[in-house]
Amino acid sequence: MLAGKRILLIIGGGIAAYKCCELIRLLRGRGAAVTPVLTAAAAEFVTPLTVSSLAGEAAHGDLFDLTREAEIGHIQLSRAADLVVVAPATADLMAKMAGGLANDLASTLLLATDKRVLLAPAMNVRMWEHPATQRNLARLRADGILFAGPNEGDMACGEFGPGRMAEPAEIVAAIDAALTDGPLKGRHILVTSGPTHEPIDPVRYIANRSSGAQGTALAAALRDLGARVSFVTGPADVAPPPGVTVIRVETAREMLSAVQAALPADAAVFAAAVADWRVANAAGQKMKKDGSGRMPVLDFAENPDILATVSQMTQGRPRLVVGFAAETHEVERHARDKRARKGCDWIVANDVSPATGIMGGSENAVTIIDAEGTECWERMSKSEVARRLAARIASKLGETA
Ligand code: CTP
């Protein structure tokens, strides 16, 4: 799938650098050529000899290597690639990129390139969560930099949390997606997915049965057609797909902010099962039984309607806004009303009454309602629904380009 492609792989100085050996092996196995570049710190973790043996090409490291400079030149090195990949992308490399610094070969290549750049960040959880790194992340995203990971999990430093580098196979999937010349190449599509959790107190919340399966399948299908996907997900059962930008949220209000921050987009698909209500009198401390035998009375406030907010934007509205309608009765009538009320272009309606087994299951039977009419699809797997829907979106965006 990557035959004939050249990846400029910049290896940053972190313990995850050892995973680059596997990454190079996987990339070469898929037919890609890999030009490795090591920062000075990276060479403390993996040797240039190991990396160049695996890549079958000399590893570059020094900006002022006169022989190499005469042969190829650092500008050309960055231009000859189809994609620039930074793995692990350390906090330091991200900061340099966000600030436009160029004081070694890696950062100079990153500033000089005219190709897409994909980062696989890896760092300690506190470094990842530090406001400076988060600021740099936001700036790099705004610059169109692609990201694979980081994942959440046990870290080499003994801590737990986000900051672990994506696995080599996930980075390869993201590289595949970045290099795919599908009909959605160059398009940015926003997808919401999963349930939201609305806190009652610090240990309890109100949730719903959405597993996030349909939204996740859709994000993967859009990615496979070449789209750059921003995936805003509540706490779902299924893991987000590789090769998309994942923004994790918990509440409806957080989801709205994340959606607004991820815009502009060519299309937005709202597959999340957003809680309509939040607890207005959520307690700051765990609610205790008071001995009266009565449950505390919860007061509810209406959550913002994310789909309606985006559908009704007067400026910067995505060209195509797709909502879902989860109904248990009179599916088509309710879905039609919902489309009119919220102002979206399409509604993908499904019957989520328990007998259908759709919510939390692997199949779906949907009806698409748009300005032209109603289209009923037979029952099929959620990934097939996702593929067909992604193709329909691609064709619509193709029409209105
Ligand atoms: N939606 C949203 N924000 C909300 C509620 C819903 O973005 N606060 C979106 C969902 O992602 C979905 C669509 O609106 O795309 C319809 O969601 P659904 O739960 O079926 O409808 P509701 O708006 O909750 O309407 P009702 O409660 O009347 O069924």
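Under the criterion of Cα pairs below 8 Å and six or more residues apart, the relative contact order for the chain equals 11 percent. Taking Thr113, Thr356, Thr192 as the candidate residues, the one with maximal mean-square fluctuation in a Gaussian network model of the chain, Cα springs under 10 Å, is Thr356. Applying 1/(1 + (r/R0)^6) with R0 = 56 Å to the Cβ-Cβ distance of Glu44 and His329 gives a FRET efficiency near 0.30. Per residue of the chain, the DSSP helices (runs of n ≥ 4 H) give a summed -39500 (n - 2.57) that works out to -10000 deg cm²/dmol at 222 nm. Using only Cα atoms, find the angle between the long axis of helix 168-179 and the longest principal axis of the chain, and express it within 0 to 90 degrees, rounded to the nearest 10. Approximately 90 degrees, to the nearest ten. With each pseudo-label sitting 7 Å past Cα toward Cβ, what's the Lys286-Arg379 distance in nm, one decimal? Result for the modelled spin labels: 4.3 nm.
Taking label positions 7 Å along the Cα-Cβ direction at both Ala112 and Tyr18, the computed distance is 3.3 nm, reported to one decimal.
For segment 284-345, the list of GluC sites (Glu not before Pro) that fall in a loop by DSSP and count at most 15 other C-beta atoms within 10 angstrom reads Glu330. Each label point was placed 7 Å from the Cα along the Cα-to-Cβ direction; for Met295 and Trp277 their separation is 1.1 nm. By the count of other C-beta atoms within 10 Å, a proxy for reagent exposure, Lys19, Lys115, Lys286 are ordered fewest to most as Lys286, Lys115, Lys19.
No value in this document is a laboratory result; all are computed from the given coordinates. Just so you know, these numbers come straight off a predicted model, no measurement behind them. Ideal geometry is used to build each Cβ from the backbone, glycine not excepted, and the neighbour counts take in all protein chains shown.
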